[in-house]
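Chemist: Starting off with a structure, shown below.
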Amino acid sequence: MRIALFQPDIPQNTGTIIRMAVCLGLPVDIIEPCGFIFDDKGLKRAGMDYLEKAKINRYLSWDNYFKEHVDGRLILCTTKGSVSYTDFHYLPNDIILMGRESCGAPEEVHQAVDGRVRIPMRPEERSLNIALSCAMVTGEAMRQTGLFKSLI
């Protein structure tokens with residue numbers, strides 16, 4: 001299992017997700033361009049010393065990523081998903097893909113993925129923080145696939 005961030009906008013969220021990934025033993029794919037310089041202070045503050053331990057792969061564009069990504073299904077977390085993230089059946093080599101904080105993922109990404117999941121929430125609200133959403137979906141995927149047992 002791995003996490004992929006599509007053109008992340010906010011360095012603090014990216015740092016938080018990277019820190020979580022290190023703690024869970026997961027690699028992170030960064031699909032550029034980012035909305036910040038990758039050595040941003042906010043990224044370092046949120047990621048702390050975990051950034052040095054992270055397994056990060058950077059890709060110059062969605063096209064590059066789609067051609068080169070490691071085998072595994074791409075599962076997009078999106079408010080436009082038709083399946084609740086808790087009802088989706090995850091596999092150990094799935095890639096949890098998060099869209100941009102500012103605008104999600106474009107239609108070409110939606111069309112290319114193998115699954116689209118959503119986090120159920122009150123209809124009058126827009127969205128959750130991306131780092132929180134990533135943690136919820138990644139946690140459920142790891143629970144279903146038994147990957148937490150490898151951390152004990």
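The values are calculated or read from the model by the stated rules, or taken from the named source; none is laboratory data. Every value quoted in this text rests on a predicted model; they were computed, and no experiment measured them. When we count neighbours, we look across all protein chains shown, and the Cβ atoms used for this are built from the backbone with ideal geometry, even at glycine. Calculation scope for accessible area: heavy atoms of the full protein, side chains included, ligands and nucleic acids excluded. Shrake-Rupley method; radii C 1.70, N 1.55, O 1.52, S 1.80 Å.
Chemist: If you take the residues in segment 52-69 that are of a type in the set (A, V, I, L, M) and open to solvent by less than 70 Å² (accessible area, probe 1.4 Å), which one is farthest from the chain's Cα centre (by Cα)?
Modeler: Ala54
Chemist: Regarding Tyr90, is this residue part of a helix (DSSP H, G or I) and either in contact with a helix residue (DSSP H, G or I) (Cβ under 8 Å, 6 or more places away or on another chain) or open to solvent by less than 70 Å² (accessible area, probe 1.4 Å) (or both)?
Modeler: No: the conditions fail for Tyr90.
Chemist: Please pick out the residue among Gly99, Gly72 that is at pLDDT below 95, in contact with a strand residue (DSSP E or B) (Cβ under 8 Å, 6 or more places away or on another chain) and surrounded by 12 or more Cβ atoms within 10 Å (Cβ to Cβ).
Modeler: Gly72
Chemist: Is it true that some residue in segment 73-84 is over 15 Å from the mean Cα position of the chain (by Cα) and farther than 24 Å from Met121 by Cβ?
Modeler: No, every residue in segment 73-84 fails to be over 15 Å from the mean Cα position of the chain (by Cα) and farther than 24 Å from Met121 by Cβ.
Chemist: Taking the condition of a type in the set (Phe, Trp, Tyr) and within 15 Å of Leu26 (Cα to Cα), does Phe88 pass?
Modeler: It is false that Phe88 is of a type in the set (Phe, Trp, Tyr) and within 15 Å of Leu26 (Cα to Cα).
Chemist: Scan segment 103-129 for residues that are open to solvent by 60 Å² or more (accessible area, probe 1.4 Å), touching a residue at least 40 places away in the same chain (Cβ under 8 Å) and in a loop (DSSP other than H, G, I, E, B) and jot them down. Explain how you work it out, then say what you get.
Modeler: Step one: list which residues in segment 103-129 are open to solvent by 60 Å² or more (accessible area, probe 1.4 Å), which gives 103, 107-108, 111, 114, 116, 118, 120-129.
After this cut, where a residue has to be touching a residue at least 40 places away in the same chain (Cβ under 8 Å) as well, the list is 108, 114, 116, 118, 126-127, 129.
Passing the criteria: Asp114, Arg126, Ser127, Asn129.
Chemist: What pairs come out if I take residues in segment 130-143 that are surrounded by fewer than 17 Cβ atoms within 10 Å (Cβ to Cβ) and pair them with residues that are not hydrophobic (A, V, I, L, M, F, W, C) whose C-beta lies under 7 Å away, six or more apart or interchain?
Modeler: The qualifying pairs are Met136/Tyr85.
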